Amino acid sequence: MINRRKLLQTSSAVAAVSSLGFPAVVRAQKAPIKIGLMAPLTGVLAAGGKELVEGFELWWERNGKEIAGRKIEITVEDDASNPDTALQKARRLVEQTNVHFLIGNITANTGLAVANYVKGNGVPYFIPVIAADDLTQRNRIPNVLRIAGYTGSQMTRPLADWSLKAGYKKVATVSQDYAYGHEMCGGFCQTFTEGGGQIVQQFWHPLNNSDFSPYLGQLQGLGVDAIFGMETGADASRFLQQYTSFGLKGKIPLIGAMNVADQSVIRTLGDEPMDVVSCAMFAEGGQDEATKAFVAGYEERYQKLPSVFGTTHYSGAKWLTEALTAIGGNVEDREALLKAVRGIELKGTPLGSVVKLDPYGHPVYNVFIRKVVKRADGKKWNVPIATYENVSQFWKYDPETYMKQPSYSRTFQGIKS
Amino acid sequence: MSVFQVLNGLTFAALLFIVASGFTLIFGLLRIVNLAHGALYLLGGYIGLTVATATGSYLLSGIAAMAGIALAGLLLDQTLLRWVKGHDLRQVLLTLGVALVLNDLTLVIWGGDTFSVPIPSVLQGAANVGSVFYPKFRLFVLGVGILTFICLWLMLNKTRLGALIRAGVDDAEMVEASGINIQRVFLLTFMLGSALAGLGGWLGGAFLTLYPSADSEILVFSMAVVIIGGRGSLIGAAVGSILIGMLNTFGQVWFPELAYFVIFGPMALLLAFRPLGLFGRAT
């Protein structure tokens, strides 16, 4: 039994030790690096948002949450695909949680809201999914960098070139009527028509279009060699389904933006997406080692194949890790961090090629023309059938000349007649 | 106007009719603007999806969707709505709340990916209708829509329950005064209306696919149908569905830039001149 005096002695000894020792330990341990991650976790895009977070977390799970002796602290906030919410959450992350930088978001409107906010205060903001062309072109912001991300028009220009080589002369486009759709279609139409192709007709429909049959009816009679589709989420599923049930599949080839054949769309469908050709800077069925390892790891961890959201944020996390390591974890020096991020030549990511930023803060990398096929176990995935090396957001144009042409819109698609 | 586009409009109208007829029954008799109708539609679709995937039987999945949603309607009416009888605003807010809760529940259970109810091979592919090839499944939906209309019409005009419902639409107090248990009629109608939402979800699950927010889209369409057709009118729901279905199809073909305006513009005009809808009657 411990008597009272003994207890007092021991506790005072403990107190003495702690008053001397513990603060020293605390002083030796540096403050954590705080990252603010934003994603839509409620609403229509909740599934994509969840995959975004999963991809980001997977990197840290595998590689440890510590850089240069500093712990990594990730705070996840839900932007609900709403610009007001995104702005409010970005403010909270920066001003209350005191994060060192921001990353994430899916929809362009949330991305633009946050970009506009950090424009004023210089907080670094990384956007692996926000694709709005002008964020790294005409309206670029020095502290907004598109690590591991992409723009719409950058992706579809190689597809246009490939289509010309595949012998397609006349193409019609079907697209959602908003900025991302305009850019995806614009990149395709400009390169396709400059190469001698012809855009027969363009169909624009509002987001969440319940019924594609009116367009499919007209598409049947146009006599085109291929149809270019630019649809995201539920629109993409419906489009593929109705394209098949109206008997166009097998008659007119379907090519499209990466979202039409993204894992988030094709994994729940039957045979409808088979043989669809799309373009992206990654292909989950790619054969290089880093891609194979990432896909296998992701599948083991989450029981599904990775989509664009998980892949880009996993790669983005690797990018940040390399940059943070290069500056010795000194994340408070924003200039140094941004400079380090700009200087990284990223290898060994699921993007499958060496990735680096151009002077405008946008990545240059290989773009794959991909086709949906079945894996041995019957799961559908995208395998590369052609590779375009070192594709820049300006394709083969001179950046300054290119940026003098207007941004893509419904009325300006860069079509050369 | 090609046969093809007319069929597009009619098949879409058939789906709208199935959902909107349930909405208008409840609205007409119980005076409840059931904003959870869309959520019940979506839940029905998900139930259909789960049963169809588990058992492989399309027919069974349809029955399960209807029965499941009828039961959900029973629960909704008995546990929640009974406390707010006669308070319009509270009913609207309550059903809106239920819609939001159901939405989040479906998101938790089925996730946010887009699903489609698997259909049997008999209904896959296209059939030859006159001069055009047309998807069999859409023709099937058209058939179910017409059948639903006939059944509902017979029920309303030739049966005792139908007579009670019609009487209840006109004057519920009078019906009760003549010794009828109007509460039971209310409950049956609510379950029937919900079952129609379930049927719609099951068909719509393969027609328009299932995903979060599919509920609010169909709800907006069915509200437009009911507003145009007139509250509680079956014929109104049928005419409204055909109108909206056709406007939707031809609006997209002729004025793609104004796809939504061509549906809701005429609706607003109609409201200005006939606030009760085409077949609505003042009570």
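All of the numbers you see were taken from the coordinates with simple rules; none came from a lab. Quick caveat, the model's predicted, so the values are computed rather than measured. Ideal geometry is used to build each Cβ from the backbone, glycine not excepted, and the neighbour counts take in all protein chains shown.
Worth a mention:
- Residues whose placed amide H lies under 5 Å from that of A:K71, excluding near-sequence neighbours: A:I33
- Peptide A:224-235 has a mean shielding of 2, counted as Cβ atoms of other protein chains within 10 Å of each residue's Cβ.
- Applying a length cut-off of 20 Å (Cα extent along the axis) and a mean Kyte-Doolittle floor of 1.0 to the DSSP H helices of chain B leaves B:3-30, B:37-55, B:58-75, B:88-110, B:136-158, B:182-207, B:214-229, B:234-254.
- Within chain A, longest stretch clear of exposed GluC sites (Glu not before Pro) (DSSP loop, no more than 12 other Cβ within 10 Å): A:1-331
- Residue with peak Gaussian network fluctuation, chain B [Cα springs, cutoff 10 Å], from B:A52, B:A167, B:A238: B:A167
- The protein assembly as shown shape via C-alpha gyration tensor axes, a/c threshold 1.5: oblate
- Measuring against 19 Å, Cα to Cα, the residue pairs A:K170/A:K374; A:K249/B:K136; A:K65/A:K292; A:K249/A:K380; A:K34/A:K356; A:K119/A:K356 contain A:K170/A:K374; A:K65/A:K292; A:K34/A:K356; A:K119/A:K356 as the ones spanning a longer distance.
- Among A:G122, A:G187, A:G352, the residue with the largest mean-square fluctuation in a Gaussian network model of chain A, with springs joining Cα atoms closer than 10 Å, is A:G122.
- Counting only Cβ charges, +1 for Lys and Arg and -1 for Asp and Glu, the dipole size of the protein assembly as shown around its Cα centre is about 800 debye.
- Mean Cα-pair separation over length for chain B, i.e. relative contact order, pairs under 8 Å, 6 or more apart, %: 36
- Structural descriptor for chain A: relative contact order 17 percent, calculated from alpha carbon pairs under 8 angstrom and at least 6 residues apart.
- Axial C-alpha extent at least 24 Å, average Kyte-Doolittle at least -0.5 - helices from chain A (DSSP): A:4-28, A:308-326
- Cα gyration tensor category, rounded, prolate or oblate, for the stretch B:17-214 with a/c compared to 1.5: oblate
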